[in-house]
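One structure below.
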2 protein chains.
Amino acid sequence: MTTETENQTDLASACLQIARQAKAASRRLGSLDTTIKDRWLSESADALIEATDAIIEANEQDLAAAPAYGLTDASIDRLRLDAARIEGIAKGLREIASLKDPIGEVLDGFTRPGGMRIEKRRVPLGVVFFIYESRPNVTADAAGICVKSGNAVILRGGKEAMHSSRAIVSVLHEVAARVGVPEHAVQLVETTDRAAVGHFLKLNDQIDVTIPRGGEGLIRRVAAEATMPVIKHYDGNCHVYVDATANIDMAVDVIENSKCHRMGVCNACESLLIHEWILADALPAIAARLASRGIEMRVDERAAVHVPGGIPATEEDFSTEFLGPTISIAVVDSLDEAVEHINRYGSGHTDAIMTSEIAAAERFTDLVDSAAVMVNASTRFNDGGMFGLGAEIGISTDKFHARGPCGLRELTSYKYIVRGNGHLRS
Amino acid sequence: MTTETENQTDLASACLQIARQAKAASRRLGSLDTTIKDRWLSESADALIEATDAIIEANEQDLAAAPAYGLTDASIDRLRLDAARIEGIAKGLREIASLKDPIGEVLDGFTRPGGMRIEKRRVPLGVVFFIYESRPNVTADAAGICVKSGNAVILRGGKEAMHSSRAIVSVLHEVAARVGVPEHAVQLVETTDRAAVGHFLKLNDQIDVTIPRGGEGLIRRVAAEATMPVIKHYDGNCHVYVDATANIDMAVDVIENSKCHRMGVCNACESLLIHEWILADALPAIAARLASRGIEMRVDERAAVHVPGGIPATEEDFSTEFLGPTISIAVVDSLDEAVEHINRYGSGHTDAIMTSEIAAAERFTDLVDSAAVMVNASTRFNDGGMFGLGAEIGISTDKFHARGPCGLRELTSYKYIVRGNGHLRS
């Protein structure tokens with residue numbers, strides 16, 4: 001028991017030291033010249049490719065241990081690195097280098113009566129604590145996004161990818177030393193002790209934001225324990241609503257794309273709503289297309305008539321994010337009923353309307369309270385890359401601070417700079 | 001014990017009902033026409049003036065109970081309403097009406113390859129839970145700011161002002177019913193049970209943000225208990241740094257204004273730093289001015305030489321927000337030492353440099369990590385009104401979401417609207 005306590009005390013002070021180092025690095029990063037950050041990104045891209053053999057060797061250690069960790073085949077595939085994937089990681093860093101530096105951007109400015117000048121300037125948040133799954137490419141990506149936006153980052157990756165992540169971070173560190181990026185701008189938490197996360201979550205004097213990526217359980221635990229702000233990334237219960245005036249062919253294609261393009265992701269469609277007026281014309285075609293893709297349909301009573309083999313839906317089905325080949329289907333009597341359904345059962349992630357009527361599109365986009373509201377487009381487009389925002393560290397389901405794709409700008413704050421000439425308040 | 005439990009269950013469900021009503025109202029408020037919100041604001045201003053007698057009568061009940069609550073004379077004065085103060089409240093609402101509606105503002109927009117159009121549109125946060133001190137004018141102010149920014153608000157004011165607040169909210173409700181603002185856009189929590197706050201802080205499905213205003217203890221308690229985001233408003237340990245090239249006369253005036261204009265407020269100066277090179281020239285003049293205003297000076301060793309009657313400063317003095325006629329004074333050898341001192345001891349609120357050198361001003365404003373950084377201007381200017389931002393609900397000491405003066409825009413989020421023509425992701 002005493003040893004356990006001592007170990008925890010040691011671990012807590014190791015975490016504190018990492019966090020303090022990150023804070024000190026962030027002070028320098030905040031005003032680091034864009035040229036240096038971009039040189040670090042592009043030279044790291046080159047250096048990672050040069051280090052391909054060493055990275056693959058480290059990765060093989062992770063792969064060898066993977067069965068012992070009980071990883072699924074899909075997880076092992078995500079863990080595996082080869083030359084092409086390392087080139088992909090390098091390409092990601094070069095893309096971040098090509099993005100506009102958000103730091104120093106003037107967001108607003110005015111001259112006050114009396115001549116005092118006020119400027120609202122974008123600054124980094126400071127220190128990001130990033131908790132993520134066992135994908136070594138995310139290590140480089142997250143480091144790149146954080147440093148480009150002027151933040152120091154503490155990386156807590158899955159233990160299953162530890163050797164690979166360590167090899168990648170060691171390359172980033174070598175380049176950092178060469179180009180003048182602070183050593184502790186990027187730190188990898190090397191302990192596999194799960195208690196480390198709890199220690200970091202207490203350090204709100206040093207850490208400005210925590211971003212957990214992974215299952216809902218992890219995110220809820222982090223949100224509950226954290227003493228600093230958390231950017232949360234829950235899954236999405238996304239809807240497509242087929243309005244009375246929808247183009248049916250277009251609706252069939254968009255629903256198929258929203259549901260089937262990739263099923264296990266947060267912006268996949270999980271639920272379909274159809275206006276009663278278009279039901280008999282639209283649903284048979286939609287159901288046939290979904291059936292041809294092997295999708296199981298859980299239907300309410302009125303939808304059942306048009307869905308051969310449909311399974312009666314329970315109340316719970318409408319709240320469920322299936323993340324697989326299942327969809328729920330309900331019939332509504334009005335657009336407002338669809339909106340109410342979405343705001344009640346949805347998760348505020350991505351919801352779409354299929355309609356040809358301006359008034360319907362306007363009302364739906366006004367009233368649906370989601371991060372992204374699509375009109376006649378697939379839910380799958382809610383993504384930083386698809387939006388043209390560049391690299392993203394996640395898709396926020398919060399409304400506070402960052403909503404939707406979370407890229408460079410979402411990792412920033414601002415300060416007011418006030419310039420006077422001896423101005424006094426009277 | 002059972003009765004206590006039952007009472008708490010009743011209280012919890014009463015709080016839940018208020019929060020649900022607020023959420024429902026916020027759905028309508030989010031797309032309510034600006035004209036209706038502004039009509040509500042300006043007609044409420046008129047109606048409050050018309051209701052002067054009734055409001056003063058209610059206020060007299062609060063004043064009669066004040067001694068029993070142990071209020072100080074200063075608090076009783078802040079609680080008191082007369083015709084002039086009610087006109088002030090009305091004027092505040094008219095000013096909010098005159099501000100640009102932030103809702104619907106397009107923050108960004110682009111057309112993607114393939115023709116899909118994306119718009120980032122400002123939307124309300126939803127429901128604000130506002131906890132504040134016993135100042136009845138704040139009741140109307142907060143209601144006005146929240147509704148103008150499209151949010152429903154749950155007002156939890158001090159019990160000492162309950163009769164006054166109730167009279168004011170009842171006027172706001174009458175006008176709301178007349179002009180078409182939802183009844184539950186503004187709700188006053190009428191129970192005096194302190195446990196109610198705890199119940200509301202659990203309701204993160206209904207409440208989008210909590211804003212506590214009051215002492216540090218209250219804010220810390222709310223931040224620890226809240227399950228939703230909190231905008232925090234801590235006091236400020238604000239600095240004025242006199243650089244080697246400062247204009248001494250200007251420095252003396254700005255320091256006096258920063259320290260003495262109003263001592264008990266968050267943007268008052270609490271600590272003075274002086275560059276060693278200008279020490280012998282500047283400090284005697286500064287000390288003489290501060291002494292003439294009755295300010296007690298707590299000085300480090302090198303400053304002591306130039307401050308007759310100076311008291312030796314302790315380490316703790318440099319972390320202290322005196323909020324009264326005391327200031328700490330330290331000598332530094334460089335601008336970087338001043339920055340380091342401010343980032344260590346300061347509270348990230350407001351810090352100023354007095355200098356005539358561009359390079360010094362740039363370095364100071366870059367490196368000081370505070371919500372507002374002033375150059376040759378009084379710290380007292382960090383204020384929404386002084387910045388020209390209009391009404392504010394507080395000054396945030398957070399970096400996340402809102403920093404500095406917190407007005408209409410700081411109570412908003414955004415959503416992405418995506419318009420396609422059957423666009424599919426490939």
Open item on the list: Can you list residues from other chains, or at least 5 along the same chain, whose modelled amide H is less than 5 Å from the amide H of B:N421?
Closed with: none
TODO: Indicate, rounded to the nearest 5 percent, the antiparallel portion of the DSSP beta bridges found entirely in the range A:287-410.
DONE: 25
TODO: Subtracting the Cα-Cα distance from 0.36 nm times the residue separation, let me have the gained length for B:R302 to B:T9 in nm, one decimal.
DONE: 99.3 nm
Open item on the list: For A:V186, what residues show an amide H to amide H distance below 5 Å, using hydrogens built from the backbone and excluding near sequence neighbours?
Closed with: A:V153
Open item on the list: Can you give the FRET efficiency to the nearest 0.05 for A:R27 and B:R28, using r as the Cβ-Cβ distance and R₀ = 56 Å?
Closed with: 0.75
Task: Spin-label model distance (nm) - A:D333 vs B:T314, 7 Å beyond Cα toward Cβ - done: 7.3
TODO: Pick out, from A:S134, A:L172, A:V339, the residue whose Cα sits farthest towards the positive end of the charge dipole of chain A, with +1 on the Cβ of Lys and Arg and -1 on the Cβ of Asp and Glu.
DONE: A:L172
- [ ] Return the distance in nm (one decimal) between the two label points of a simple spin-label model at A:E87 and A:E225, each offset 7 Å from Cα along Cα→Cβ.
- [x] 4.1
Open item on the list: Quick check on the protein assembly as shown: take the gyration tensor over C-alpha atoms, sort the square-rooted eigenvalues as a ≥ b ≥ c, and tell me if it's rounded (a/c under 1.5), prolate or oblate.
Closed with: oblate
- [ ] Could you tell me whether the range A:238-386 comes out rounded, prolate or oblate from its Cα gyration tensor? Rule is a ≥ b ≥ c as square roots of the eigenvalues, rounded for a/c under 1.5, then prolate if a/b exceeds b/c, otherwise oblate.
- [x] rounded
Open item on the list: How much of the DSSP bridge set in the protein assembly as shown is antiparallel, in percent, rounded to the nearest 5?
Closed with: 30
TODO: Round to the nearest 0.05 the FRET efficiency obtained for B:L16 and A:R344 when R0 = 25 Å and r is the Cβ-Cβ distance.
DONE: 0.95
Task: Top positive-direction residue, dipole computed over chain B with Cβ charges, set B:V375, B:H401, B:G215 - done: B:H401
TODO: With a/c under 1.5 counting as rounded, go ahead and sort the range B:1-104 into rounded, prolate or oblate using the C-alpha gyration tensor (a ≥ b ≥ c being the square roots of the eigenvalues; past the cut-off, prolate if a/b is larger than b/c, else oblate).
DONE: oblate
Task: C-alpha long axis of helix B:216-225 to longest principal axis of chain B, angle in ° - done: 50
Open item on the list: Per residue, how much accessible surface does the protein assembly as shown expose to a 1.4 Å probe? Answer in Å², no decimals.
Closed with: 39
Open item on the list: In the range A:239-265, what residues drop by 10 Å² or more of accessible area when the other protein chains are put back, versus the chain on its own? Use 1.4 Å, and skip ligands and nucleic acids.
Closed with: A:M250, A:D253, A:V254, A:N257, A:H261
Task: Karplus 3J(HN,Hα) series, Hz, for the range B:391-398 with 6.51 cos²θ - 1.76 cosθ + 1.60 (x for Gly, Pro) - done: 4, 10, 9, x, 10, 6, 9, 7
TODO: Report, to the nearest whole %, how much of the accessible area of the range B:238-386 belongs to carbon and sulfur atoms, 1.4 Å probe, protein only.
DONE: 50
Task: Relative packing of peptides A:40-51, B:25-36, B:161-172 - highest average C-beta neighbours within 10 Å first - done: B:161-172, A:40-51, B:25-36
TODO: Place the label 7 angstrom along Cα→C-beta at B:F110 and in each other copy, then list the distances from the first to the rest in nm, shortest first.
DONE: 2.9
Open item on the list: Which positions within the range B:21-46 get 30 Å² or more of their accessible surface covered by the other protein chains, compared to the chain by itself, with a 1.4 angstrom probe?
Closed with: B:R27, B:S31
Open item on the list: Place a point 7 Å from Cα of A:W277 in the direction of its Cβ. Which residues in the range A:300-335 have their backbone N less than 18 Å from it?
Closed with: A:331-335
Open item on the list: Give the average, rounded to an integer, of partner chain Cβ atoms located within 10 angstrom of each Cβ in B:169-181.
Closed with: 0
Open item on the list: Distance in whole Å from the A-onto-B rotation axis to the closest C-beta of chain A, together with the residue it belongs to, please.
Closed with: A:H401, 2
Open item on the list: No solvent, one uniform scatterer per C-alpha: report log10 I(q)/I(0) for the range B:172-236 via the Debye equation at q = 0.22 1/Å, two decimals.
Closed with: -0.96
Task: Qualifying lysines (Cα of each under 22 Å from Cα of B:K148; at least 8 residues distant if same chain) - done: A:K399, B:K23, B:K37, B:K91, B:K100, B:K120, B:K232, B:K415
Task: Beta bridge orientation in chain A: antiparallel %, DSSP, nearest 5 - done: 30
Task: Teacher prompt: B:E357 distances to equivalent labels in other copies, 7 Å Cα→Cβ, nm - done: 7.0
Task: Shielding by partners, peptide B:118-125 (average Cβ within 10 angstrom, other chains) - done: 3
- [ ] Determine the total buried accessible area between chain A and chain B, counting protein heavy atoms only with a 1.4 Å probe; round to the nearest 100 Å².
- [x] 6000
TODO: Taking each label point as 7 Å beyond Cα in the direction of the beta carbon, state the distances from B:E340 to the same residue in the other copies, shortest first, in nm.
DONE: 6.4
Task: Computed helical MRE - 222 nm, the protein assembly as shown, DSSP H runs ≥ 4 contributing -39500 (n - 2.57), nearest 500 - done: -14000 deg cm²/dmol
Open item on the list: Suppose the Debye formula is applied to equal point scatterers at every Cα of chain A; what is log10 I(q)/I(0) at q = 0.11 Å⁻¹?
Closed with: -0.92
Open item on the list: Below 8 Å between Cα atoms, with a sequence gap of 6+, how large is the relative contact order for chain A in percent?
Closed with: 17
Open item on the list: Kirkwood Rh and Cα-based Rg: tell me the resulting Rg over Rh for the range B:278-354, rounded to two decimals.
Closed with: 0.93
TODO: Please give the average number of partner chain Cβ atoms lying within 10 Å of the Cβ of each residue in A:373-383, rounded to a whole number.
DONE: 6
Open item on the list: Could you sort the peptides B:255-261, A:106-112 by per-residue average Cβ neighbour count (10 Å cutoff), highest mean leading?
Closed with: B:255-261, A:106-112
Open item on the list: Just to confirm the filter: which trypsin sites (Lys or Arg not before Pro) across the range B:47-132 are DSSP coil and have at most 16 other Cβ within 10 angstrom of their Cβ?
Closed with: B:R80, B:K100
Task: Gain on full stretching of the segment that runs from B:R80 to B:R293 - 0.36 nm per residue minus C-alpha separation - done: 73.8 nm
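The values are calculated or read from the model by the stated rules, or taken from the named source; none is laboratory data. Fair warning: this is a prediction, and the values are worked out from it, not measured in the lab. Using ideal geometry, Cβ is built from the backbone for each residue, glycine included, and neighbour counts are taken over all protein chains shown. The accessibility values were calculated without ligands, DNA or RNA, using every heavy atom of the protein model including side chains. Shrake-Rupley method; radii C 1.70, N 1.55, O 1.52, S 1.80 Å.
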